[in-house]
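As structure tokens, the structure follows; a few thoughts come after it.
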Amino acid sequence: MKIITRIAGVGIVLVLLILATKQYLGYRYFYRYKSERASAKSIEKSFPELERDLKKSISFSKNPLFYAQMSQIYQEMAIVENKFGTEEKRDFYIDQARESLLELIKTNPIDAFAYYEMGKVYMLYNFPLLTYMDKAKRYFLKALELKPADEFLNLNIVYIYLTQWDFLNTAEKSFVFKRLEKMWKNNENFITQLQNQWEKGFPDDEKLKEILSEDKDFWEEIKKYFDSGSESTF
């Protein structure tokens, strides 16, 4: 019986040692990736090495962090191909980003940011047509379901909805105003953050003011955050 116990003990130690070694090697290649990423002049030129290191990391350890980074570089390559390359290569990288996120969600199904990233991935398909926007929204809603008070998620998801305002239905518009009011009550600076986000993609905030003024009561509360011309316009 003692011999069996010792053998079992040795077996457990060996298993733990193997697991620790695989974890160490996974992080070893991940840190190499981080170093190469920091010194990379462009994602396109450094992509083969970055992808290789992340694939090696994942081969040793199914760490959600590794899958998240893999999805990130695939998304970046998809954006590059969308601007300067071909639709075929763009969609190839989007597919790879999607697969990485599916693995991430499988390993960590409560990661709200994984669902947010998946929503962004579906927006990239056939861009700028937004063919899969409805599917993207489902992932955005799941992200907010998991982290309803997260400012980053609320800011970016509400911004995406606002950019698609003319295509939203009544329920979706109501959802946006509810999120805005809740986040503003939690942090009055949220409206200013939204303005800043909007102005990164649009020449001015006139359309944003037009949208927000559709809820008269809420607009009365927040119009002070906009310039003086907004009060006479809406």
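The values are calculated or read from the model by the stated rules, or taken from the named source; none is laboratory data. Just so it is clear, the model here is predicted, and its values are computed rather than measured. Quick reminder, even Gly has a Cβ in these numbers, built from the backbone with ideal geometry, and neighbours come from all protein chains shown.
The residues of region 136-153 that are farther than 23 Å from residue 97 by Cβ and not charged (D, E, K, R), listed by number, are 148, 149.
Within region 117-132, the residues that satisfy the criterion of being buried (at least 19 other Cβ atoms within 10 Å of the Cβ), without any contact (Cβ under 8 Å) to a residue 40 or more places away in the chain and hydrophobic (A, V, I, L, M, F, W, C) are 118, 123. Applying the criterion of being over 21 Å from the mean Cα position of the chain (by Cα) and surrounded by 16 or more Cβ atoms within 10 Å (Cβ to Cβ) to the residues of region 169-180, the residue that is farthest from residue 222 (Cα to Cα) is 173.
Quick check on residue 77: is it modelled with pLDDT under 90 and hydrophobic (A, V, I, L, M, F, W, C)? No; evaluated as a whole, the condition is false for this residue. Of the residues making up region 121-136, those that are under 18 Å from residue 75 (Cβ atoms) and among the charged types (D, E, K, R) number 1.
Here the helices (runs of 4 or more DSSP H) wholly within region 138-234 that include at least 3 residues being over 24 Å from residue 112 (Cα atoms) are 190-201, 206-212, 216-222, 229-233. Taken together, the residues in region 73-116 that are touching a residue at least 40 places away in the same chain (Cβ under 8 Å) and within 21 Å of residue 38 (Cβ to Cβ) amount to 2.
Of all residues in region 148-167, none satisfies being over 24 Å from residue 225 (Cα atoms), at pLDDT 95 or above and aliphatic (A, V, I, L, M).
You will find that of 45, 89, 83, the residue that is farther than 30 Å from residue 110 by Cβ, touching an Asp or Glu at 6+ places or on another chain (Cβ under 6 Å) and in a helix (DSSP H, G or I) is 89 and no other. One residue alone among 113, 84, 140 is among the aromatic types (Phe, Trp, Tyr), in contact with a Gly (Cβ under 7 Å, 6 or more places away or on another chain) and either surrounded by 15 or more Cβ atoms within 10 Å (Cβ to Cβ) or modelled with pLDDT under 95 (or both), and that residue is 140. Within region 59-103, the only residue that satisfies the criterion of being more than 18 Å from the chain's Cα centre (by Cα), of a type in the set (Ser, Thr, Tyr) and more than 14 Å from residue 30 (Cβ to Cβ) is 86.
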